[in-house]
1. With the structure loaded, tell me whether N115 is out of contact with any helix residue (DSSP H, G or I) (no Cβ under 7 Å at 6 or more places or on another chain) and either more than 25 Å from S205 (Cα to Cα) or not charged (D, E, K, R) (or both) or whether it fails that test.
2. Where in segment 395-462 are there strands (runs of 3 or more DSSP E), lying wholly inside it, with at least 2 residues that are at pLDDT 90 or above, surrounded by 16 or more Cβ atoms within 10 Å (Cβ to Cβ) and among the hydroxyl-bearing types (S, T, Y)?
3. Could you tell me whether segment 363-376 includes any residue that is touching a helix residue (DSSP H, G or I) at 6+ places or on another chain (Cβ under 9 Å), modelled with pLDDT of 95 or more and surrounded by fewer than 20 Cβ atoms within 10 Å (Cβ to Cβ)?
4. Name the single residue that is farthest from the chain's Cα centre (by Cα) among those in segment 135-168 being among the small types (G, A, S) and assigned to a helix (DSSP H, G or I).
5. Does D386 satisfy the condition of being surrounded by fewer than 23 Cβ atoms within 10 Å (Cβ to Cβ) and assigned to a helix (DSSP H, G or I)?
6. Examine segment 135-143 for a residue that is open to solvent by 10 Å² or more (accessible area, probe 1.4 Å) and under 30 Å from D41 (Cβ atoms), and state whether such a residue exists.
7. Give just the number: which of (1) without any contact (Cβ under 8 Å) to a residue 12 or more places away in the chain; (2) in contact with a His (Cβ under 6 Å, 6 or more places away or on another chain) does G430 not satisfy?
8. Among the residues of segment 42-53, are any closer than 26 Å to I257 by Cα, aliphatic (A, V, I, L, M) and touching a strand residue (DSSP E or B) at 6+ places or on another chain (Cβ under 6 Å)?
Amino acid sequence: MTTYEAGPITLEKVRDYVWEIPQEGDMRVPARVLASEALLDEISEDKTLQQLRNTTHLPGIRKYAVCMPDGHQGYGFPVGGVAAIDTENGCISPGAVGYDINCGVRMVKTNLEYNDIKGHEEELVDQLFANIPSGLGGGGVYEGSKADIEEILSRGMDWALEEGFAVQDDLEHCEDEGYRPEADPDKVSQKAKDRGKNQVGSLGSGNHFLEVQRVTDVYREDVATEFGLEEDQVVVLIHCGSRGLGHQVCTDYLRDIEQTHAGLLEQLPDRELAAAPAGSQLAEDYYAAMCACINFAWVNRQLVMHRTRRVFEKVFGRDWEAMDMHLLYDVAHNIAKRETHDVGGGEEGMGDAESVRGEDADGAEEAEVFVHRKGATRAFPAGHPDVPAAYREVGQPIIIPGSMGSGSYVLRGGERSLQETFGSTAHGAGRLMSRTQAKQEYWGEDVMDDLREQDHVYVKAQSGATVAEEAPGVYKDVDEVVRVSDALGIGDRVARTFPVCNIKG
């Protein structure tokens with residue numbers, strides 16, 4: 001048996017790109033890492049593997065905990081981590097969702113070609129930067145009343161449609177049509193609402209960005225045609241989340257759960273995995289508040305998209321519909337959802353025996369679980385009823401952004417995603433170094449100059465420090481991350497894009 005030694009942790013090779021930390025001690029299930037050896041070398045440099053193993057101690061976790069090819073250390077639960085936890089006998093963990101609830105990515109298509117924007121790059125990046133709020137603190141496309149925030153939290157993209165910030169086609173090409181019905185604004189603190197009130201339609205800071213890109217490669221012509229993508233086409237990528245509102249909700253519930261469920265916390269190897277038992281009041285309240293944050297984030301990205309359409313109209317002198325600026329898809333990260341999956345064992349292990357139910361003779365067993373996807377993307381295959389009707393025959397679109405200098409990818413949900421990863425894949429390139437280290441090794445102005453001179457990428461940001469934190473060398477090789485996803489059949493390559501201009505906080 002081939003093994004990989006990572007300090008005190010030994011991984012066994014199950015097959016190509018699949019490594020397992022065997023179940024032992026108080027682990028309730030094994031843990032799996034989906035990676036090439038090159039990526040595994042990088043993943044093992046921080047605390048990712050220890051955090052992944054810690055995750056297997058959560059009550060009700062089923063089958064195995066999974067780390068995606070872009071995995072790296074996070075708060076308690078690794079970024080790139082996926083865990084399916086029983087909704088009857090398990091728990092829900094805010095740390096396994098993340099602070100930026102429904103941080104996600106959407107891609108806007110256009111009928112423009114790269115030649116159409118050549119010579120306009122500087123004007124375009126200046127206008128986008130001037131018209132789309134970014135950076136820390138307040139400022140958004142829309143500042144509404146208290147009643148508006150309640151409606152956004154409750155109704156999601158339906159509110160944006162009613163207020164004229166969206167068209168029906170936008171909802172039809174968004175995960176869950178941009179609406180989680182379980183949302184309850186009453187479970188969101190007033191402090192969180194106040195933080196979100198003036199941030200509706202803003203990028204924020206950190207790794208959030210808006211990037212104009214061109215399609216450079218198409219790998220699956222039939223799927224690309226269904227997605228409306230072709231070589232040399234101009235697209236726009238928008239990456240942001242629930243801003244201060246989501247951060248506050250995570251903070252609020254972590255504090256309450258630590259105090260109320262201290263007994264459960266004492267059973268876990270890391271306080272940052274604090275969880276509320278399924279069925280408890282705090283579990284129900286957190287789920288409702290999290291869904292409200294999910295709705296808020298979808299509206300946030302929609303308003304950024306709305307303003308982007310207006311900027312393109314100004315720069316190119318054409319109506320956005322004439323430029324065919326329609327939404328390809330919006331994918332969510334940092335969420336936990338009630339989903340039904342096969343959690344049966346067979347050769348892959350039965351998981352938490354106490355919560356086994358509905359097992360058939362072949363070892364298949366369906367159960368409702370909270371699928372925690374922290375820095376991971378839903379990746380449902382063709383035919384799944386939750387894939388929007390427009391894409392049901394080919395599979396759900398997946399958008400995986402790379403760094404400013406490496407390009408990004410569009411994938412589609414792979415045929416093996418449900419069996420391997422509870423219908424999930426990677427969400428990006430994954431960090432190689434901390435923000436602090438990045439600022440020590442890179443100078444923002446130099447990064448921007450190099451990108452412009454070498455790659456013809458125009459970048460504008462609120463500060464050079466932000467650019468340094470997001471320099472191309474800070475991230476893993478997105479090509480390798482996507483290659484592994486494609487090889488495993490969890491997310492199939494469809495097209496590749498490369499940046500033209502980028503704005504960030």
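1. Details: out of contact with any helix residue (DSSP H, G or I) (no Cβ under 7 Å at 6 or more places or on another chain): yes; either more than 25 Å from S205 (Cα to Cα) or not charged (D, E, K, R) (or both): yes.
In short, yes.
2. Details: elements: 397-400, 408-413, 424-426, 458-461.
Correct list: 408-413, 424-426.
3. no
4. Residues of segment 135-168 among the small types (G, A, S): 135, 137-140, 144-145, 147, 154, 156, 160, 164, 166.
Filter again for assigned to a helix (DSSP H, G or I), leaving 147, 154, 160.
Values: A147: 28, S154: 21, A160: 21 Å.
Across segment 135-168, the extreme among qualifying residues is A147.
5. Values: surrounded by fewer than 23 Cβ atoms within 10 Å (Cβ to Cβ): yes; assigned to a helix (DSSP H, G or I): no.
Spelling it out, it is not the case that D386 is surrounded by fewer than 23 Cβ atoms within 10 Å (Cβ to Cβ) and assigned to a helix (DSSP H, G or I).
6. Initial filter on segment 135-143 (open to solvent by 10 Å² or more (accessible area, probe 1.4 Å)): 136-143.
Narrowing further to those that are under 30 Å from D41 (Cβ atoms): none.
Within segment 135-143, none of the residues are open to solvent by 10 Å² or more (accessible area, probe 1.4 Å) and under 30 Å from D41 (Cβ atoms).
7. Result: G430 passes all but (1).
8. First pass over segment 42-53, keeping only residues closer than 26 Å to I257 by Cα: 47-53.
From the residues that got through so far, the ones that are aliphatic (A, V, I, L, M) too are 49, 52.
Still in the running and touching a strand residue (DSSP E or B) at 6+ places or on another chain (Cβ under 6 Å): 49, 52.
Within segment 42-53, one or more residues are closer than 26 Å to I257 by Cα, aliphatic (A, V, I, L, M) and touching a strand residue (DSSP E or B) at 6+ places or on another chain (Cβ under 6 Å).
The values are calculated or read from the model by the stated rules, or taken from the named source; none is laboratory data. Owing to the predicted nature of the structure, the values given are computational and were not obtained by experimental measurement. Note that each Cβ is placed from the backbone with ideal geometry, even for glycine, and that neighbours are counted across all protein chains shown. Remember, those area values only see protein heavy atoms, side chains included, never the ligands or the DNA or RNA. Shrake-Rupley method; radii C 1.70, N 1.55, O 1.52, S 1.80 Å.
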